[in-house]
Each structure stands twice: as structure tokens, then as C-alpha cells.
């Protein structure tokens, strides 16, 4: 099975990373893909969004599994992986992950621990989607090292868009030094209020600066999106006919198209 690993990254919080990780994952599952979601944020937001309200009570979590990887301890097939009713699987996270980030600084090959874990855990999946924490610390570097590509959610505001330059530099550095195959799938505009001139100006500016790297799909600001954090369900189940569900379905199609292009490229069907 051809696994594609996608990191959802932005050092700024509150830009829709976790909602996008969950909605894209469920969208891909609805298209018949086997999807592993990886919560790489010590706050455990993705874990909670999918209905596990007390992540600190879960065991094992990503922290435990990465620690086992560092110590070269065996990991049983499916160990620590939770199954969600929407058809996606989850490697959960909790506050222990913040302690692991400190530990990683002092070990050999510290940037590759998550990649090593996924190489053993994810062969049964078509996609692994990593929800990164809002920082450019060691866990985010691990995610970028493990990933084939990055999706960058950006809120439709000037200040949010300006932070892109630092993230792009970090991605370029990881590509140059650690993971030469890393690419940017695209920049995703989130929380867009199409009624405002500001949102339109930010969209136009990003498309001027980054061209085809900006996804055609834009995720609208929606109270329904905010509500799914409390329901433990996906946007497709909570508000299937709403604009946000339609936007995430459109994003899913764009990501699938990118995946099929990579597959054709790897099998020699395109130059």
C-alpha cells in the first residue's frame, strides 16, 4: 500500500489545523481510503475533538509509542491506535508529549523518531495525517521529517498570512538537511468570511505570492465547525449540507488529486 504522510503545520495557533486534520481524514475515509490520524500536540485537541474527552487518562499515547521507538522496544501491531466511528484511526496525544519533546533534544537521530514509529505502524494505511502543535519545536520538526508533504492552514487575516515566511523557511531547511522529498501540498485559507473586504484581499495577496501553492478550496467561518469540538463527530455528520462540509469535501478531492499525481510519478507514468 502506498502511504502518503501529510503534516498539518503552522506555528500560529487558532488557524484550523485540528479541524482540518479531522475533516480531511474523515473525508478521505469516506472516499474509501484507510486513514491514520496522528495527534502530535500535547494539548490533545484532535484526540478530544474525536470524542476522547480525557486524553490524560489514555495509555498508550504517541508519547509512549515514540519512547518505545527511542528505546528500541517492540510495539505490537495496532498498539495504542483508537478507532473512530467515522472510519478513521487515531494515535492519541496528551500532556506527556510535552515532556517527550524535552527528552528528544538529548538523543541521537532525534528528528527521525516519529518517522521510525510510522514506518512500523502505518503500512496498513493509505494516508497518515499529523496534526502538529502550534510551534516550530522538535515535535514539529519530527512531523516534517516524517511527512511526504505539508498542508499549511492560514486564517484569512494579514498577521496570520505574514507568519508563513518563517514556516516556509523551516520547511525548506528540513527539506535541505533531513527530508529531501518533503513538498508543500498547499496553503489552505480557513475561517474565511467572504463578506469582508479583508478576507478577499488576503486571499488575493496569498494567491499572488504563492500561486498554485494555494488550494482552490477555502474553508468558510462557520459556527458549525466550532460545534464539532463539543460533539465528537465530523463536520460531515454534524452539518452534512453546510458550507464547511462542502468546502472540506472539495479540499479532500484536491488532496486525492495530488496523491494520484504522486502515485503516477512514482510508478513512472508521468515524467
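Observations on the model:
- The alpha-carbon positions of the range 51-167 define a convex hull whose volume is 137 Å³ per residue.
- Extension gain, residue 193 to residue 166, is 7.2 nm, computed as 0.36 nm per intervening residue step minus the present C-alpha separation.
- Mean residue ellipticity (222 nm) of the chain, computed from DSSP H runs ≥ 4 via -39,500 (n - 2.57), nearest 500: -13500 deg cm²/dmol
- Over the range 140-192, relative contact order from alpha-carbon pairs under 8 Å, at least 6 apart, %: 56
- For the chain, built as a Gaussian network whose Cα springs stay under 10 Å, the top-fluctuating residue of 195, 53, 208: 195
- The ranking of 253, 68 from fewest to most other beta carbons within 10 Å of each one's beta carbon is 253, 68.
- A simple spin-label model places the labels of residue 54 and residue 110 3.4 nm from each other, with each point 7 Å out along Cα-to-Cβ.
- Antiparallel DSSP beta bridges within the chain, as percent of all bridges there, nearest 5: 5
- Two-site FRET efficiency, residue 3 against residue 31, from Cβ-Cβ distance with R₀ of 25 Å, rounded to 0.05: 0.95
- Computed over the range 176-246: relative contact order in percent, which uses C-alpha pairs under 8 Å that are six or more apart: 30
- Counting other Cβ atoms within 10 Å as a rough exposure proxy, the listed residues 204, 79 run 204, 79 from fewest neighbours to most.
- Prolate/oblate/rounded call for the range 149-227, Cα gyration tensor, a/c under 1.5 rounded: prolate
- Summary value for the range 4-266: 26 percent relative contact order, contacts being C-alpha pairs under 8 angstrom separated by 6+ residues.
- Protection-proxy order for peptides 7-16, 240-249, 33-42, 174-183, each taking the mean of Cβ atoms within 10 Å per residue, highest first: 33-42, 7-16, 240-249, 174-183
- Here the range 121-136 and the range 2-76 have alpha carbon centers that stand 6 Å from each other.
We did not get these values from a lab; they are worked out from the coordinates using the rules stated. Being a predicted model, the structure only gives us computed values, none of them experimental. Counting neighbours? That spans all protein chains shown, and the Cβs are built from the backbone with ideal geometry, glycine included.
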